[in-house]
Structure formats: structure tokens, C-alpha cells
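Engineer: Input: one structure, supplied below.
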Amino acid sequence: MKISNIRHERGSSVYSTLRDMAISYEFKPGERLSESELALRLGVSRTPVREALTRLVADGFLLPASRGYMRRELDVKESLDLYEARVAVERECVRLAVERATDAQLDEALAYLEQSQRVASDTPIRQLVDLDEGFHLRIADMAGNAELRRMLASLNERIRFIRWIDMENVGRASTQHEHLEIL
């Protein structure tokens, strides 16, 4: 394997790890992030950390700050905007899925929903949100529009932490019922 490929794989892994930390709010809103501390923590050089942090700025999780980066503050208006955008993308996915979904895709989505309904009630919220997102991504797959699917996945990442809180408040039974109605 070429050294450039090894660097790319390591860089992707660092990005994925830091992105997951940002999504789960391991980086607190307003927290300053140090490339060198993160590199030490992850056991990598500063270069893949710097590249990952730059990508996280472009993804909307971080802001550039003097001497490094900072976790964006939680912004209520931005969160509402993201939820509205998610609803708009999901509506369009459902509209297209009605036109384009195959019987096999519908059967698979129903099987997925039935499987997720059997998940124990004490399952961690993080996994329940993953199951919920998995359902909606299946609808996006049925729509047959890769760009809408990408947009939905991106929106989900940016509001995942809030969705964890929402799942705790709304409850799983409500979302499962909604999913069945959608199908």
C-alpha cells in the first residue's frame, strides 16, 4: 500500500473520530480545541488533525478561532432551520419514493421497521436515533436521488445531538407509529 493511501486512511479515521466527537458534543459549545492536544489524544501527528478540523469547519461543526478552532455554540434558530430543511428534504424523498420505490425496497423497509420495533425499550438513545435515521435513509434510497440522500445524511449529523434529546422526550412509540404511517 502506498504511503499516500495510508495517510488518507489515517486522515479519514481521524476525521470520522473528531466528527463523531463533535456530533455527540464531546466538544462543548464554545470550547477551544487544540490541534496538539487532539493529536496526542488520538495518537497521530498534527497534520491529519488539522485537516480534519478544517473539514469540520466546512461541515458547520467548528469555527476557526485565534490559534485553533472552537466548537460552535448551540444556536436555537439554526437548529430550527436545520429541522425545517430536514422536513423539506424528507417530504421530497417521500414524494419521489411513492413514484419510484420497488416492491423489494418497500418489503425491506417494512422488515427494517418491524425489526426496529422489536428493539428493547432500554436500548440507549443513541442507537434508537440511529435506527430512526436508518428508516428515513431507506426512504431516501427509495426516492432514487443520491443528492437528496446526501443532504438528509448531512442534516441528520448536524442535528443528531438534539434528536437524542428529542427522542427521550417524544418517545419511541410515537416515531414508530409515524414510520408505519409513512410506509
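Engineer: Where the convex hull is taken over the Cα atoms of segment 124-183, what is its projected area averaged over directions, in nm²?
Structural biologist: Mean shadow area of the hull around the Cα atoms is 3.9 nm².
Engineer: Only four residue types carry charge here, +1 at the Cβ of Lys and Arg and -1 at the Cβ of Asp and Glu. Report the dipole size of segment 85-183 about the Cα centre in Debye, rounded to the nearest 20.
Structural biologist: The dipole magnitude comes to about 320 debye.
Engineer: Simple spin-label model, 7 Å along Cα-to-Cβ: ASP75 to GLU31 in nm?
Structural biologist: Placing both labels 7 Å along Cα→Cβ, they lie 2.1 nm apart.
Engineer: In debye to the nearest 20, how big a dipole does the chain give about its Cα centre with +1 on each Lys and Arg Cβ and -1 on each Asp and Glu Cβ?
Structural biologist: Value, rounded to 20: 1040 debye.
Engineer: Can you work out the accessible area per residue across the chain, with the rest of the protein chains kept in place, probe 1.4 Å, in square angstrom?
Structural biologist: 59 Å²
Engineer: Any chance you could check the Cα centroid distance between segment 38-91 and segment 101-132 for me, in angstrom?
Structural biologist: Centre-to-centre distance over Cα atoms comes out at 28 Å.
Engineer: How far is it, in nm, from the label point at GLU99 to the one at GLU178 when both lie 7 Å from their Cα along the line to the Cβ?
Structural biologist: It works out to 2.5 nm between the two label points.
Engineer: For the chain, which whole percent of the accessible surface, found with a 1.4 angstrom probe, sits on carbon and sulfur atoms?
Structural biologist: 52 percent
Engineer: Now, a different point. ALA111 to ILE165: extension gain in nm, 0.36 nm per residue of separation minus the Cα-Cα distance?
Structural biologist: That pair, ALA111 and ILE165, stretches by 16.8 nm at full extension.
Engineer: Let me ask something additional. From the helices alone, meaning DSSP H stretches of at least four residues, give me the mean residue ellipticity at 222 nm for the chain, per-run term -39500 (n - 2.57), in deg cm²/dmol to the nearest 500.
Structural biologist: Taking each H run of at least 4 residues, the total per residue is -25000 deg cm²/dmol.
Engineer: Here's a follow-up. Let me spell out the model: positive unit charges on the Cβ of Lys and Arg, negative unit charges on the Cβ of Asp and Glu, origin at the Cα centre of segment 30-115. What dipole size does that give, in debye rounded to 20?
Structural biologist: My answer is approximately 680 debye.
Engineer: For the full complex of protein chains and a 1.4 angstrom probe, list GLU31, GLU73, GLU78 by accessible area with the highest value first.
Structural biologist: GLU73, GLU31, GLU78
Engineer: Computed from these coordinates, which is Cα extents along the principal axes in Å: [x] 93, 46, 28; [y] 37, 36, 34; [z] 51, 42, 31?
Structural biologist: [z]
Engineer: While we're here: Taking a probe of 1.4 angstrom, what is the accessible area of PHE135 in Å², to the nearest 10?
Structural biologist: The accessible area of PHE135 comes to roughly 0 Å².
Engineer: Can you tell which of GLY60, LEU82, LEU106 lies farthest toward the positive end of the dipole of segment 44-111, using +1 and -1 charges on the Cβ of basic and acidic side chains (Lys, Arg; Asp, Glu)?
Structural biologist: GLY60
The values are calculated or read from the model by the stated rules, or taken from the named source; none is laboratory data. What you are looking at is a predicted structure, and each value in this text was computed from that prediction instead of being measured. Cβ: placed from backbone, ideal geometry, glycine included. Neighbour counts: every protein chain shown. Keep in mind that these areas ignore ligands, DNA and RNA; they rest on the heavy atoms of the full protein, side chains included. Shrake-Rupley method; radii C 1.70, N 1.55, O 1.52, S 1.80 Å.
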